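Here's the structure, in structure tokens; my notes come after.
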Amino acid sequence: MDKTIVIIPSLDPDEHLAQTVEGLKAAGFSRFVLVDDGSDEEHKKNFPEPSDSVIVLHHEKNKGKGAALKTAFAYIAENLPDAEYMVTVDGDGQHAPLDAKKCVEAVGDDKNLCILGARCFKEDNVPLRSKMGNNITLFVFHKLCGIHISDTQTGLRAFSTALIPELLKIEGERFEYETNMLLKFKQNGVKIDEVPIETVYIEENHASHFRTVQDSFLVYKFILAYVASSAISFLVDITIFAIALKILTTVGFTGPAFSLFGKSMTLVQFFATVIARVISSVVNYTINKKKVFTYEKKDEKQKDNTIFKYYALAIPQMFVSAFAVTSLVRLLPIPDGATFITTLLKIVVDTIIFFVNYRIQRSWVFANKASKINETDGEKTV
């Protein structure tokens with residue numbers, strides 16, 4: 001444990017913070033970095049006295065849990081080069097010291113692994129809002145992101161200090177940082193595993209600073225960003241289609257009618273569709289890369305082949321959508337001229353593709369698998 005740093009971010013702590021530190025010391029931990037995230041004067045007295053083994057960092061004003069964690073990570077990287085492991089612990093007494101020790105031990109020698117302390121949400125002492133929040137996030141993580149864990153909200157996490165460069169790049173200043181951490185780890189090839197821990201909730205988790213509306217919005221912002229990107233691309237597609245159709249028709253561009261995937265089209269409609277799809281796909285690719293998945297190269301020598309992957313996915317997806325809708329129309333007893341039903345079928349098909357597409361884009365198109373972590377002359381590099 002002498003190579004492990006315990007990180008405890010805290011805002012307006014009560015007496016449980018000192019008890020948490022003492023309990024962790026009794027479990028064998030000897031080095032601590034606490035971050036006072038803008039606590040008021042009344043609660044500052046509950047932080048332990050700084051010493052050689054206990055570092056207390058201060059934010060002048062409240063910045064959020066994510067910001068506090070990144071402050072601790074940056075401090076460790078700059079001032080504690082001999083540290084090899086980190087474990088983040090909540091200071092409200094809801095993480096048992098021996099569970100923190102189990103998480104660190106589970107990391108072992110794997111510098112590309114994050115261990116989560118997973119609580120059991122089926123126990124009677126779990127507050128309803130915590131149960132609901134975790135169940136909703138579990139569904140999203142399982143179905144949309146392909147991340148199969150049982151506790152998405154746990155603050156007990158252990159990993160190697162070699163992951164600090166990765167951790168400092170992750171967006172988010174408040175509770176959404178912990179969600180973004182899991183998403184980025186998945187996207188960049190950092191392994192995620194769990195160990196079961198004791199489920200402790202003190203006084204219905206009254207000490208939590210989680211803001212139900214604001215922080216829930218931030219936690220699920222990654223989904224809303226993807227939806228917004230798709231909506232913008234759809235509007236661009238429809239607008240460009242209408243403009244192209246008008247221009248081609250005005251200049252007298254004509255062509256014979258033909259059938260494509262069972263749908264009758266003219267050459268004018270076909271070219272207007274292609275022009276619109278090309279432009280809207282470029283818009284979609286750019287927004288997804290910059291804003292939704294925040295892809296960036298690990299170094300200057302790395303090739304950026306995301307655009308090739310994007311179109312390797314987008315082009316087959318367009319044909320799958322057309323084929324699926326056409327097949328359903330032919331298989332189902334749909335009356336002639338019932339375009340409303342056909343449109344509904346297309347909405348269903350494209351909705352399924354929409355969610356599958358998100359998962360593939362995050363895990364493949366914009367994935368940036370972490371390089372192997374090597375040690376040279378005692379220095380760790382990702």
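The values are calculated or read from the model by the stated rules, or taken from the named source; none is laboratory data. On a predicted model such as this, the values are computed, not experimentally measured, just so you know. Glycine gets a Cβ as well: all are built from the backbone with ideal geometry, and neighbour counts include every protein chain shown.
Report every pair of residues separated by at least 6 positions or lying on different chains whose Cβ atoms are under 8 Å apart, first residue within segment 341-354 and closer than 17 Å to ALA231 by Cβ, second buried (at least 16 other Cβ atoms within 10 Å of the Cβ) and at pLDDT below 80.
Qualifying pairs under 8 Å: LYS346/VAL325.
Table: residues versus (1) touching a Pro at 6+ places or on another chain (Cβ under 7 Å); (2) acidic (Asp, Glu); (3) farther than 19 Å from LEU116 by Cα.
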{"residue": "PRO13", "(1), (2), (3)": "no, no, yes"}
{"residue": "ASP52", "(1), (2), (3)": "no, yes, yes"}
{"residue": "ILE55", "(1), (2), (3)": "no, no, yes"}
{"residue": "LYS63", "(1), (2), (3)": "no, no, yes"}
{"residue": "MET86", "(1), (2), (3)": "no, no, no"}
{"residue": "GLN94", "(1), (2), (3)": "no, no, no"}
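Assess whether SER39 counts as being under 22 Å from LYS101 (Cβ atoms) and either without any contact (Cβ under 8 Å) to a residue 12 or more places away in the chain or among the polar types (S, T, N, Q) (or both).
On the way: under 22 Å from LYS101 (Cβ atoms): no; either without any contact (Cβ under 8 Å) to a residue 12 or more places away in the chain or among the polar types (S, T, N, Q) (or both): yes.
So SER39 fails the test.
Which of the numbered conditions does PRO196 fail, given that it passes all the others? Conditions: (1) modelled with pLDDT of 90 or more; (2) surrounded by 15 or more Cβ atoms within 10 Å (Cβ to Cβ).
Against the list (1) modelled with pLDDT of 90 or more; (2) surrounded by 15 or more Cβ atoms within 10 Å (Cβ to Cβ), PRO196 comes up short only on (2).
Just checking, how many residues over segment 353-382 are of a type in the set (Gly, Ala, Ser), outside any helix (DSSP H, G or I) and modelled with pLDDT of 65 or more?
Going through segment 353-382 one residue at a time, the tally reaches 1.
Modelled with pLDDT of 90 or more and buried (at least 16 other Cβ atoms within 10 Å of the Cβ) - does that describe any residue in segment 186-193?
yes
Within the set of pairs 6 or more residues apart or between chains, which connect a residue that is touching a residue at least 24 places away in the same chain (Cβ under 8 Å) and within 19 Å of ILE164 (Cα to Cα) inside segment 99-119 to a residue that is of a type in the set (Gly, Ala, Ser) and part of a helix (DSSP H, G or I) with Cβ atoms less than 6 Å apart?
LYS111/ALA162; ILE115/ALA106
Would you mind listing the helices (runs of 4 or more DSSP H) fully within segment 27-115 where at least 3 residues are surrounded by 17 or more Cβ atoms within 10 Å (Cβ to Cβ)? Talk me through it step by step, then tell me what you get.
Numbers: elements: 41-44, 65-79, 97-107.
Answer list for segment 27-115: 65-79, 97-107.
Taking the options GLY64, GLY91, name whichever one is on the phi > 0 side of the Ramachandran plot and in the same structural domain as GLU176 (by TED's automatic domain parsing). It would help to see each step written out before you state the result.
Numbers: GLY91 fails: on the phi > 0 side of the Ramachandran plot.
Answer to the selection: GLY64.
For every residue, the table says whether it meets (1) within 19 Å of LYS186 (Cβ to Cβ); (2) in a loop (DSSP other than H, G, I, E, B).
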position: SER280; (1), (2): no, no
position: ILE287; (1), (2): no, no
position: TYR295; (1), (2): yes, yes
position: ASP304; (1), (2): no, yes
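What number of residues in segment 52-98 are within 17 Å of GLU166 (Cβ to Cβ) and without any contact (Cβ under 8 Å) to a residue 12 or more places away in the chain?
1
Need the failing condition index for THR154 against (1) buried (at least 18 other Cβ atoms within 10 Å of the Cβ); (2) under 15 Å from the mean Cα position of the chain (by Cα); (3) part of a helix (DSSP H, G or I); (4) modelled with pLDDT of 75 or more, just the number.
(3)
In the list LEU183, LEU168, which residue meets the criterion of being over 25 Å from ALA96 (Cβ atoms) and surrounded by fewer than 14 Cβ atoms within 10 Å (Cβ to Cβ)?
Of LEU183, LEU168, the one residue that is over 25 Å from ALA96 (Cβ atoms) and surrounded by fewer than 14 Cβ atoms within 10 Å (Cβ to Cβ) is LEU168.
Could you list, in sequence order, all residues of segment 304-335 that are of a type in the set (D, E, K, R) and at pLDDT 85 or above?
Once the filter is applied, which keeps residues that are of a type in the set (D, E, K, R) and at pLDDT 85 or above, segment 304-335 yields ASP304, LYS309.
Give me the pairs, please: first residue somewhere in segment 317-336 and assigned by TED's automatic domain parsing to the domain that holds ASP350, second residue anywhere and charged (D, E, K, R) and surrounded by 13 or more Cβ atoms within 10 Å (Cβ to Cβ), beta-carbon distance under 6 Å, and either six or more positions apart or on two chains.
Between residues of segment 317-336 that are assigned by TED's automatic domain parsing to the domain that holds ASP350 and residues that are charged (D, E, K, R) and surrounded by 13 or more Cβ atoms within 10 Å (Cβ to Cβ), the close pairs are SER321/ASP350; VAL325/LYS346.
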